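The values are calculated or read from the model by the stated rules, or taken from the named source; none is laboratory data. Bear in mind the structure is a predicted one, so any value in this text is a computation, not a measurement. Counting neighbours? That spans all protein chains shown, and the Cβs are built from the backbone with ideal geometry, glycine included. The area values use the complete protein model at the heavy-atom level, side chains included, leaving out ligands, DNA and RNA. Shrake-Rupley method; radii C 1.70, N 1.55, O 1.52, S 1.80 Å.
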Amino acid sequence: MCGIVGYIGNEDVKETILSGLEKLEYRGYDSAGIAILNGNGLHIYKDKGRISHLREIVDFSINGTLGIGHTRWATHGKPNQINSHPHQSSTKRFTLVHNGIIENEEELIIEHLSDATFESDTDTEAIAQLIQKFSDEGNSTDRAIRYTLGLLEGSYALAIIDNENPEVIYAAKNKSPLLLGKGNGFNMIGSDAMAMIHHTNEFFELQDKEYAIITRQDIAIYNLQGRKIERETYFGELDATDIEKGTYPHYMIKEIDEQPFVIRRLIAAYQDEHGNLKVDSDILNQIRECDRIFIIACGTSYHAGMVGKFLFERITKKPTEIHISSEFVYNTPIISEKPLFVFISQSGETADSRAVLVKVKQMGYPTIAMTNVKGSTLYRETDYQLLLHAGPEIAVASTKAYTAQIAVLAIVACAASDSCNFNMLSELSIVANVMEALCDNRELYNELAKEFLTDKKSCFYIGRHVDYYTCLEAALKLKEISYIQTEGFAAGELKHGTIALIENCTPVIAIITQEQINLNTRSNIREVRARGAAVITMSLKRISSEKDQIVIDNVHEFLTPLVTAIPAQYLSYYAALQRGCDIDKPRNLAKSVTVE
Ligand code: M6R
């Protein structure tokens, strides 16, 4: 959500900022802007719409070696030209871009800015006006920024330009992500490494309530009291080619196809030299010693967590609860005496999950982050970490991170168990092979999407047992990228009301992987067929029936959610493709949801 790129160096800044913003498009946005400072002053271009539109309105004859850029996902005020960033103070001396939400904006205006006039509906403009006010009162820019930051409540990542000091970009952070990129003769700022990876792979981490003064040659980090902080740089693990689409038309299909390799990478990452499971012993002890596991997550990660509950209870025999982060934080259930909190988050930046983390840390409970992003907020702020090793996931719709989450949950459940009576790593290796065969069969899903989904307004996924969890995830996937209203439903619940929605040709996709519910789900299929539904059945080979359209090779009964996810992801992809949707950047959505 929102992206920031800044550059100060010796090269013209436009392409660096614009292409950096393009690398942040995956985060989700509805408007974009850029400010370039040169000897003739400051030049701002901004508007609602994509970076491709920003490229059309930027005057490419304007050159400059200092600039900041922004992609905005609207929170305060509509997505329009005026609300787009950068924003300026009323004298136009201070210009800034902001990611986050200032929670005490109204109080700040009443208390400090009652005479100021505002152009936009954003909370960001108040920050620029405050810096201006403190500067007008005779403070240095450095001090004016620090005074301002000291007053802000909420979240912010900021890049600030002072027209009267064209040799500096100021950056600051609280709760919203911001990295500082160290170059040779230049320095950069970015919401994440992807925005800078084509220029540098060496970074400084900026922590909450710190700010930085960035020149061409130097990056100096301070706390809000103005005390300098010494910090080492680190080298990122990201490779520039990891974030390219290559020959794929969309990131989503590239990421779906990558899943067999991700599973194999996980097998290698969680295996010792003797071929046994290898998981941090502190994590295993925490699991063994706790009296209950609380899994906290949102969206797709929440659905992976549902499978995680099943795995922990079946394999580890440990009572496990799964909670939606945004619910848990304000409606906290009874917590057991010795709980262990597991946060599942692809991005590691999800504000709803972080709010729970802050709360349970205050209560003194142990925490684990299961995330794809090393160094992300949840990674840094939890006691223990488990990495997903899925590689950067750029499409908004989560695919490979979802299956990686389930695989890591299965690995950890097995490693923590005294009685896991199967070889998890070799079962996962079978899963990887089955996934590969499913990927090779993608033309089938394309055809099924064409026949059953493309022109439909609504759809149902039905299943029982663990298949129900896949149904919830499959439904989310289909609705978020194709905009077909889809519900994932426990097949046995249909007759208690929802079956009223089944009409002639309503698509119903049934998933059946568990022997003990095979016949029950097939009865439910007959019930919807009798009411006119157009049914696609996806089953595992050992319980398949002749007419099932998607038959998946056998995998261990606990690991079926890893394979049923694949056809569901392809069905969503092809339905969205045939409907002409913006697959990697679906409307209204953001990749990392950094507001509550
Ligand atoms: O980064 P996280 O895993 O914490 O994100 C949670 C959800 O926002 C995310 O899974 C979302 O539901 C996806 N867009 C679904 O594809």
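The residue of segment 573-596 that is nearest to the ligand (Cβ to nearest atom), among those that are among the β-branched types (Val, Ile, Thr) and under 15 Å from Val396 (Cβ atoms), is Val593. Exactly one residue out of Glu273, Glu255, Glu237 is acidic (Asp, Glu) and at pLDDT 95 or above, and it is Glu255. When every residue of segment 72-84 is checked against the conditions, at least one turns out to be farther than 16 Å from Tyr156 by Cβ, in a loop (DSSP other than H, G, I, E, B) and open to solvent by less than 10 Å² (accessible area, probe 1.4 Å). Residues of segment 18-30 being surrounded by fewer than 24 Cβ atoms within 10 Å (Cβ to Cβ) and closer than 26 Å to Lys92 by Cβ, which ones? Selection gives Leu18, Asp30.
In this structure, does Pro366 turn out to be more than 15 Å from the ligand (Cβ to nearest atom) and open to solvent by less than 10 Å² (accessible area, probe 1.4 Å)? No; evaluated as a whole, the condition is false for this residue. Only strands (runs of 3 or more DSSP E) whose full extent lies in segment 300-380 are considered here, and the ones with at least 3 residues that are free of Cβ contacts under 8 Å to residues at least 40 places away in the same chain are 320-324, 367-371. Residues that are away from the ligand (no atom under 11 Å from the Cβ), outside the structural domain of Ile550 (by TED's automatic domain parsing) and open to solvent by 40 Å² or more (accessible area, probe 1.4 Å) do occur in segment 405-420, at least one of them.
Is it true that Ser90 is assigned by TED's automatic domain parsing to the domain that holds Val168, small (Gly, Ala, Ser) and without any contact (Cβ under 8 Å) to a residue 12 or more places away in the chain? It is false that Ser90 is assigned by TED's automatic domain parsing to the domain that holds Val168, small (Gly, Ala, Ser) and without any contact (Cβ under 8 Å) to a residue 12 or more places away in the chain.
Take the conditions (1) within 16 Å of the ligand (Cβ to nearest atom); (2) assigned to a strand (DSSP E or B); (3) in the same structural domain as Thr16 (by TED's automatic domain parsing); (4) not hydroxyl-bearing (Ser, Thr, Tyr); Met194 misses just one of them, which is (2). Answer yes or no as to whether Arg50 is buried (at least 22 other Cβ atoms within 10 Å of the Cβ) and within 20 Å of the chain's Cα centre (by Cα). So Arg50 does not fit the description; no. Only one of the listed residues (Glu230, Glu255, Glu321) is open to solvent by less than 60 Å² (accessible area, probe 1.4 Å) and more than 23 Å from Tyr384 (Cα to Cα). That residue is Glu255.
Considering the conditions (1) within 16 Å of the ligand (Cβ to nearest atom); (2) at pLDDT 95 or above; (3) open to solvent by less than 60 Å² (accessible area, probe 1.4 Å), Gln286 is excluded by exactly one of them, (1).
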